[in-house]
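Undergrad: Just passing along the structure, written as structure tokens.
The values are calculated or read from the model by the stated rules, or taken from the named source; none is laboratory data. Remember, it's a predicted structure, so these values are computed and weren't measured experimentally. Here the Cβ positions follow ideal geometry from the backbone for every residue, glycine too, while neighbour counts run over all protein chains shown.
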Amino acid sequence: MNDDARCRLYLITPPRIEPASFADRLALALDAGDVGCVQLRLKDVDDGEIRRAAERLRPVAQDRGVALIMNDRPDLAADTGCDGVHVGQEDASYDDARALLGGDSIVGVTCKNSRHLAMEAAEKGADYVAFGPFFDSATKPRTDPARKPADLEILRWWGEMMTVPCVAIGGITVENCPPLVEAGADFLAVVAGVWGHPDGPAAAVKAFNRVFDERAAVA
């Protein structure tokens, strides 16, 4: 999914959107700088709303050469022409998602802070593994008080061991992202750090890409 050493942005939609108006915001963000993919992540809404959002956002992303990934639902990903699906540990299994979508689609897997889960997903053929949350996040809360945040070492270890790309997720902003980039994350998955940026999503995309460029220049 990421063939060069430069980190890239993995945009995730806000948990609530109005598809028509959000499509315009998404276009502005994607036109502002490099984005690897967009994940449509709508929780606690009916299938019809997810379908309408996918149908509105898919051409915005795909016309710009950006993959649209469906969260959780390989069936809806297939039905709406998405480029792939992201599955969590409590969602559809990797095997089921791959069987439904086929070998040409992207299938990514949440692996939390587990080396075992990541190795298992990679061995099965996952296109990327996602580690996190690294910071406090409304969309990826650390619900267990005893659960520690994901550590940077898992990104370094993964980069040394595996060629499958890794995604860092959870409370990532322009300000706190440099250590993740330096540790070897191939993608940074961001929600509020882009859509809630005080200067707007386009400015956020530009700022993230400046960080990525600076790191790539010294790598």
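Undergrad: Of all residues in the range 151-175, which are of a type outside the set (A, V, I, L, M), part of a loop (DSSP other than H, G, I, E, B) and more than 19 Å from Lys124 (Cβ to Cβ)?
TA: Asp151, Gly170, Gly171, Thr173, Glu175, listed by residue number.
Undergrad: Restricting to the range 150-163, what's the tally of residues that are buried (at least 21 other Cβ atoms within 10 Å of the Cβ) and touching a helix residue (DSSP H, G or I) at 6+ places or on another chain (Cβ under 8 Å)?
TA: Number of matching residues: 3.
Undergrad: Sticking with this one: Those residues that are within 22 Å of Asp72 (Cα to Cα) and among the hydroxyl-bearing types (Ser, Thr, Tyr), I need them from the range 1-48; list them, please.
TA: Across the range 1-48, the qualifying residues are Tyr10, Thr13.
Undergrad: Out of all the residues in the range 176-219, which are surrounded by 24 or more Cβ atoms within 10 Å (Cβ to Cβ), more than 14 Å from the chain's Cα centre (by Cα) and assigned to a loop (DSSP other than H, G, I, E, B)?
TA: The one that is surrounded by 24 or more Cβ atoms within 10 Å (Cβ to Cβ), more than 14 Å from the chain's Cα centre (by Cα) and assigned to a loop (DSSP other than H, G, I, E, B): Cys177.
Undergrad: For the range 68-92, which positions are hydrophobic (A, V, I, L, M, F, W, C), closer than 19 Å to Arg8 by Cα and surrounded by fewer than 20 Cβ atoms within 10 Å (Cβ to Cβ)?
TA: None; the set is empty.
Undergrad: Kindly provide the set of residues from the range 51-67 that are out of contact with any helix residue (DSSP H, G or I) (no Cβ under 7 Å at 6 or more places or on another chain) and either modelled with pLDDT under 95 or loosely packed, with under 15 Cβ neighbours inside 10 Å (or both), ordered by number.
TA: Once the filter is applied, which keeps residues that are out of contact with any helix residue (DSSP H, G or I) (no Cβ under 7 Å at 6 or more places or on another chain) and either modelled with pLDDT under 95 or loosely packed, with under 15 Cβ neighbours inside 10 Å (or both), the range 51-67 yields Glu55, Pro59, Asp63, Gly65.
Undergrad: Name every residue in the range 90-104 that is under 17 Å from Leu42 (Cα atoms), touching a helix residue (DSSP H, G or I) at 6+ places or on another chain (Cβ under 9 Å) and not hydrophobic (A, V, I, L, M, F, W, C), in order of residue number.
TA: Asp91
Undergrad: Then there is this: Which number in (1) buried (at least 20 other Cβ atoms within 10 Å of the Cβ); (2) assigned to a helix (DSSP H, G or I) marks the one condition that Gly48 misses?
TA: Gly48 satisfies all of (1) buried (at least 20 other Cβ atoms within 10 Å of the Cβ); (2) assigned to a helix (DSSP H, G or I) except (1).
Undergrad: Now a separate question. Restricting the range 105-141 to residues that are in a loop (DSSP other than H, G, I, E, B) and touching a helix residue (DSSP H, G or I) at 6+ places or on another chain (Cβ under 8 Å), which is farthest from Gly196 (Cα to Cα)?
TA: Per the criteria, the residue is Gly125.
Undergrad: Quick one: would you say Ala29 is more than 23 Å from Val87 (Cβ to Cβ), touching a residue at least 60 places away in the same chain (Cβ under 8 Å), out of contact with any His (no Cβ under 7 Å at 6 or more places or on another chain) and hydrophobic (A, V, I, L, M, F, W, C)?
TA: Considered against the rule, which asks whether it is more than 23 Å from Val87 (Cβ to Cβ), touching a residue at least 60 places away in the same chain (Cβ under 8 Å), out of contact with any His (no Cβ under 7 Å at 6 or more places or on another chain) and hydrophobic (A, V, I, L, M, F, W, C), Ala29 comes out as yes.
Undergrad: Let me ask something additional. Being of a type in the set (Asp, Glu) and either in contact with a Gly (Cβ under 8 Å, 6 or more places away or on another chain) or over 19 Å from Phe187 (Cβ atoms) (or both): is that true of Asp75 here?
TA: Judged against the criteria, Asp75 is a match.
Undergrad: Also, quick follow-up: Pairs only if they're at least six apart or on different chains, beta carbon under 7 angstrom, first in the range 195-219 and within 18 Å of Ser137 (Cβ to Cβ) and at pLDDT 95 or above, second in a helix (DSSP H, G or I) and of a type in the set (A, V, I, L, M); list them, first residue then second.
TA: Pairs that qualify, where the first residue is within 18 Å of Ser137 (Cβ to Cβ) and at pLDDT 95 or above and the partner is in a helix (DSSP H, G or I) and of a type in the set (A, V, I, L, M), are His197/Ala203; His197/Ala204; Pro201/Leu28; Pro201/Ala29; Pro201/Val194; Ala204/Val194.
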